[in-house]
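Trainee: Structure below; questions to follow.
Readers should treat all values here as calculations from the given coordinates under stated rules, not as data from a laboratory. Since we're looking at a predicted model, the values are computed, not measured. Cβ sites come from the backbone with ideal geometry, for glycine too, and all protein chains shown count toward neighbours.
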There are 2 protein chains.
Amino acid sequence: MKKLLILTASLLCTGNAWAMTPSNEPIQPILPAKITAPEKVELGKKLFFDPRLSRSGFISCNSCHNLSMGGSDNLQTSIGHNWQQGPINSPTVLNSSMNLAQFWDGRAATLKEQAAGPISNPGEMAFTHNLAVDTLRSIPQYREAFKQVYKVDKITIDEVTDAIAEFENSLVTPNSRFDRWLLGDQDAITQTELQGYKLFKDIGCTACHNGPAVGGNSFQKMGLVEAYKTDNPAEGVAGLTGKDADRFKFKVPTLRNVELTYPYFHDGAYWKLEESVDVMARLQLGRQLSGEDIDKITAFLKTLTGEQPSFTLPILPPSNNDTPRPKPFG
Amino acid sequence: MKKLLILTASLLCTGNAWAMTPSNEPIQPILPAKITAPEKVELGKKLFFDPRLSRSGFISCNSCHNLSMGGSDNLQTSIGHNWQQGPINSPTVLNSSMNLAQFWDGRAATLKEQAAGPISNPGEMAFTHNLAVDTLRSIPQYREAFKQVYKVDKITIDEVTDAIAEFENSLVTPNSRFDRWLLGDQDAITQTELQGYKLFKDIGCTACHNGPAVGGNSFQKMGLVEAYKTDNPAEGVAGLTGKDADRFKFKVPTLRNVELTYPYFHDGAYWKLEESVDVMARLQLGRQLSGEDIDKITAFLKTLTGEQPSFTLPILPPSNNDTPRPKPFG
């Protein structure tokens, strides 16, 4: 919050368009990504799309965080190596740089740390960091790119995850209709959508869904007023701390692009945004909303769809006779 | 061949750069794609990347014909629904418009016909045409796009496969170093590569690998002089005709971008281009090449890597409450 206030202040001083941001709103507009190291972003983009970071040679970061589909896979839980069913819903990679931590339980402090997880997770990409790095080291174009970008002769997992994280840092979605409204364009959203936003604030959704990402900045118990019924065994933060107080405590997901990131909740059990709004109001706030109010809030939520990252599909450098071969079957 | 001669003649008349094409070479340069219906290409691109054409919601055309990886999956055989092992190596989609027919056994006459196959193949995308069409019909942005492009109120599989084929028609790879050499740039390839090309012609590779795609324009028996040893049960054209003369008769694959489309042959059994050259020379031509000659031909083959299709990753319109849900598990 301190950082944001400083930012707002500095923007006010520069006198540009951002200075028009209503300072009294709990949601702030997303700023375009500041890309300071474009060559890292380009390298990270290749790695994000490269299925050779998986044992099968078939699964890439983009498989479960599909940038054609809101940075998610739009499945209840993901498909991993050998078609294993994942334990939890794949969170969107869009605007993930704004999360206070990564994964639903926050077990990775940074995007860089997160990126290392799926590669070696036996249920996801099922590879090892060593084999992933061996694969990249065998490819002259990758060796050259890492040398140019990181000044290293030998690629390690450290540079690999750093580049992926740099690419992910670029995946922000500014200029949603709601952001344009925040910045002063009164016509950017309809009266119904505005009423939905007012309801969203009035009933208390913004207690957790606030900031530029409209979430992602706190852990909260799922089922605060009323218990959440699910077959999914995930325990949230308690899985890390072992504390009973942390049971079903999950990172509050961002609501940016929520129209694109169905199905909803950590178990992906709800496909309809309207139902999800209803569940949240009842379980977290003890409110039974009317159908009309649910529709208004849903209409507001759809104004949070921002400009999707736009870039040329990366062309990957080919394997060669020295490259370890993928092992999709057995 | 007739078409090509007419084309060459017409180009000679126009007096442009293409007129410099050596008319006595068995390989012709690839011409850039002539896109007459860009709106079909754009729609087809979305469909090509849309995993909602599969039962799981996870597998798209691009999964096995990955345009980041030479239009192939670089696996021995592909991964289908529920991680089923495919029966045959996935051929590249690049320059596939130049094939005389589609699939290794040529069972689809056109790209449009081919596109319908994997969607409903239980071992691949495992969907039905009806469900795929239902999915698209539920999405207003797709309905609108099909209406604009095809003037139809109701999407059918016919327009879906037509649009995918139109996109695939655009996936040609001109301007390889070899094509630049064909067009008169003497320095575009090295002396070793040129020697490799001469060998390629002299020993008879061009009997089958000729034309702009350096293949794709005839069916030939795999193992003409010496039998090809494989565990793969595919019988080629005989699987369609039942004729013994058609056993192991397969469409000659294009050698364009062959550096990118490993592993090789219909069973994907060979990962090294050098080994593949050796096998072909022995089994098809009865020639035992020296290591030096194999290296020269391999060097030539790598000059066939053309400009890869370059385009912005498509953003897919989201599903909604009316969209049938994917069924990845069970």
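Trainee: May I ask you to evaluate 6.51 cos²θ - 1.76 cosθ + 1.60, the Karplus curve with θ = phi - 60°, for each residue of the range A:144-161 and list the ³J(HN,Hα) values in order in whole Hz, giving x for glycine and proline?
Mentor: So the J values, rounded to whole Hz, are 5, 5, 5, 5, 5, 7, 10, 6, 10, 8, 10, 5, 10, 4, 4, 6, 4, 6.
Trainee: Based on Cα positions only, what radius of gyration and what Dmax would you give for the protein assembly as shown, in angstroms?
Mentor: Final numbers for Rg and Dmax: 27.1, 83 Å.
Trainee: Measuring from label point to label point, each 7 Å out along Cα→Cβ, what is the residue A:148 to residue B:109 span in nm?
Mentor: 4.8
Trainee: With label points built 7 Å along Cα→Cβ from the Cα atoms of residue A:247 and residue B:129, find their separation and express it in nm.
Mentor: Rounded to a tenth, the inter-label distance reads 5.4 nm.
Trainee: Something else: Tell me which A residue has its C-beta closest to the axis rotating A onto B, and the distance in Å?
Mentor: A:83, 2
Trainee: How far is helix B:291-301 tilted, in degrees, relative to the longest principal axis of the Cα atoms in chain B, given as a value from 0 to 90 rounded to the nearest 10?
Mentor: 50
Trainee: What residues qualify as long-range amide H neighbours of residue A:106, i.e. H under 5 Å apart, gap of 5 or more or another chain, H built at 1.01 Å from N?
Mentor: Amide H neighbours of residue A:106: A:251.
Trainee: Additional query: Hey, got the average number of other protein chain Cβ atoms within 10 angstrom for residues in B:78-90? Provide the component values of the computation, followed by the final result.
Mentor: Details: counts 2, 8, 1, 1, 3, 10, 2, 3, 1, 0, 0, 0, 0.
That works out to 2 on average.
Trainee: Same structure again: Considering only the label points, 7 Å along Cα→Cβ from Cα, what distances in nm to one decimal separate residue B:37 from the same position in each other copy, shortest first?
Mentor: Between copies, matching label points for residue B:37 lie 4.7 nm apart.
Trainee: What trypsin sites (Lys or Arg not before Pro) does the range A:152-190 have in DSSP loop regions with at most 13 other beta carbons within 10 Å? It would help to have the intermediate numbers written out before the result.
Mentor: On the way: sites: A:154, A:177, A:180; in loops: A:154.
In loop regions of the range A:152-190 (DSSP not H, G, I, E or B), the sparsely surrounded trypsin sites (Lys or Arg not before Pro) are A:154.
Trainee: Can you tell me how much longer the chain between residue B:202 and residue B:141 gets when fully stretched, taken as 0.36 nm per residue apart minus their C-alpha distance, in nm with one decimal?
Mentor: Values: separation 61, 0.36 × 61 = 21.96 nm, distance 5.47 nm.
Extra length available between residue B:202 and residue B:141 comes to 16.5 nm.
Trainee: Would you compute, from DSSP H runs of 4+ residues alone, the mean residue ellipticity of chain B at 222 nm, taking -39500 (n - 2.57) per run and dividing by the full residue count, rounded to the nearest 500? If you can, show how the numbers build up before the last one.
Mentor: Details: 12 runs with 118 residues, N = 330.
So the calculated ellipticity at 222 nm is -10500 deg cm²/dmol.
Trainee: How high is the FRET efficiency from residue A:229 to residue A:37, r the C-beta distance, R0 41 Å, rounded to 0.05? Walk me through the numbers before you get to the answer.
Mentor: Numbers: r = 46 Å, r/R0 = 1.12.
Given R0 = 41 Å and the Cβ-Cβ separation, E is 0.35.
Trainee: Could I ask something else about it? Among the GluC sites (Glu not before Pro) in the range A:256-330, which ones are in a DSSP loop with at most 15 other Cβ atoms within 10 Å of the Cβ? Mind listing them? Show your work: numbers first, answer last.
Mentor: On the way: sites: A:259, A:274, A:275, A:292, A:307; in loops: A:307.
When the GluC sites (Glu not before Pro) of the range A:256-330 are filtered for loop state and at most 15 Cβ neighbours within 10 Å, A:307 remain.
Trainee: To the nearest 0.05, how large is the calculated FRET efficiency for residue B:83 and residue A:320 if R₀ is 30 Å and r is the Cβ-Cβ distance? Walk me through the intermediate numbers first.
Mentor: Values: r = 27 Å, r/R0 = 0.90.
Taking R0 as 30 Å, the efficiency between residue B:83 and residue A:320 is 0.65.
Trainee: On a 0 to 90 degree scale, rounded to 10, what angle separates helix B:273-285 from the longest Cα axis of chain B?
Mentor: Helix B:273-285 sits roughly 70 degrees off the main axis of chain B.
Trainee: Can you give the local net charge around residue B:45? Use residues other than it whose beta-carbon is closer than 11 angstrom to its beta-carbon, Lys and Arg +1, Asp and Glu -1.
Mentor: Overall, the nearby charge balance is -3.
Trainee: Next question. Any idea what log10 I(q)/I(0) is at q = 0.21 Å⁻¹ for the range A:80-166, Debye with uniform C-alpha scatterers and no solvent?
Mentor: -1.06
Trainee: Using only Cα atoms, figure out Rg for chain A and give it as a multiple of 2.2 N^0.38 Å. Walk me through the numbers before you get to the answer.
Mentor: Numbers: Rg = 20.8 Å, N = 330, 2.2 N^0.38 = 19.9 Å.
Ratio of Cα Rg to 2.2 N^0.38 Å: 1.04.
Trainee: Which lysines does residue B:249 reach when only Cα atoms under 30 Å apart count, and residues fewer than 8 places away in its own chain are ignored?
Mentor: Candidates past the 8-residue exclusion: A:327, B:2, B:3, B:112, B:198, B:201, B:221, B:229, B:272, B:296, B:302.
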